[in-house]
Structures are given as C-alpha cells and as structure tokens.
Amino acid sequence: MYEMKRMGRRAAGVVALGLAALPWAAQADWQLDPARSHVEATITEITSSGESVAHRHALKRMDGHIAEDGTLRLPVRLNQTDVLEQLGDLPPWMESLSDTELTTVVTQLDPSVLENLPVGESRTETLMLSVKDGDASQQEPLKVRFTRESEGEIRVRNAEAVALDGQVIMQNQTARTVLGLLGYQQIDDEVPVELDAVLVDR
C-alpha cells in the first residue's frame, strides 16, 4: 500500500512538471503591433459662418504591452498623429513637443480573456479607460471586441459607436493649441472615433 501511495505521488509530480512545461501554460506577452494599430477620429469644424466641415485625423503607431497584471499603458505623442503632416514646418517650440507624451491612456484587462479566446472566435469586453492629463485623470468605459485571427494575433476594435466629448478636448491646452494651428477655432461636441489595433504574442 505504501509503495502504491509513493508511486501515486511520483506520478502526480511528473504530471505537474509536464503541465508546467506545456507552451500554453506560459504567460503570453501580448503587445500592440505599431504598424497595424491606430485610431481614426472625425473632427467636425464649426466655421465662423456656422458651416460644419468634417475632417478625418489618425493616431498611428500605437505602442504598448499588457503587463502580467493586465495593465495596458498607451502613451500618446504628437508625432503619432497626422497633424504634423498637415502643419508642415513647425514653430521651434512645437518641434520640441513632437516626441513628448501629450497624455497616457491606461486600462486593465484580465489576461485570461486573451489566453482563453479560441482562433476564429470573438469576445466583447467593457474596458475602463483612464486618460491622464498631467495630474488630472478622466475615466470612460469602452466596449471592445477581441477577435483571435491566429494563435499569435488578436484584432481589437470598438464594439459600438463611440465619441469623445469635443468640449473636453477643447479644454486641454495642448489639444486646443494644435487644433488652433489647424484653423479649428470651434468643433462639434461629438468626435466619433474608430479603434483598429492588433495584439501580437511576442
């Protein structure tokens, strides 16, 4: 009987070691692919004559990785936007701002949501986005659809129409300055945004 118990314990130990060695047991390192991760926003300019003119802008090269605790931090820099392309030559003070962080978006996601998503399947989660602007922080919920396109790639899109508050944007001094340089003195209260990003396991 004692010998059987000892064999049972040994077998259990072997199984535990085997499970620990399996590839799927390891923690994946999910990161945004900057080449395929962007946000597009439609800003509607209200001209001095009261006319509404829509402009499409993009935030490109989104970069960030999901930490072991599920935290994802997305730094936003001016040189990630297409604004610089439209402005052309920048004033010296603005060139120094091009590579600095304008704001940081932080969210939390249970890593098991990604790990347990089968290839070809989708799952919708509501993420709480925390947008940090200096010492201030605003929180907004966002429904996101995760679609596993392969073992090592997950497509991320917003699951429903979402819009930023134009008044809040205009309260941000840097954003207001950039929009002013583009000639937008007043914008609509709603700024629709579309997220299209790819998480890769590296």
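Read the figures in this text as sums done on the coordinates, not as results from a lab. Keep in mind it's a predicted model, so treat the numbers as computed, not measured. Ideal geometry is used to build each Cβ from the backbone, glycine not excepted, and the neighbour counts take in all protein chains shown.
Worth pointing out:
- Per residue Cα convex hull volume in Å³ - calculated over the range 35-199: 122
- Most to least packed among 113-125, 46-58, 189-201 [average Cβ atoms within 10 Å]: 189-201, 113-125, 46-58
- Each residue of the range 159-170 was assigned a 3J(HN,Hα) from its phi angle through the Karplus curve 6.51 cos²θ - 1.76 cosθ + 1.60 (θ = phi - 60°); the sequence is 7, 8, 4, 9, 9, 7, 7, x, 5, 5, 4, 6 Hz, with glycine and proline shown as x.
- Here's the picture: a label point sits 7 Å out from the Cα of Gln86 along the beta-carbon direction, and within the range 143-185 the residues with their amide nitrogen under 19 Å of it are 163-185.
- Length released on extending from Ser52 to Asn116, taking residue separation times 0.36 nm less the Cα-Cα span: 18.5 nm
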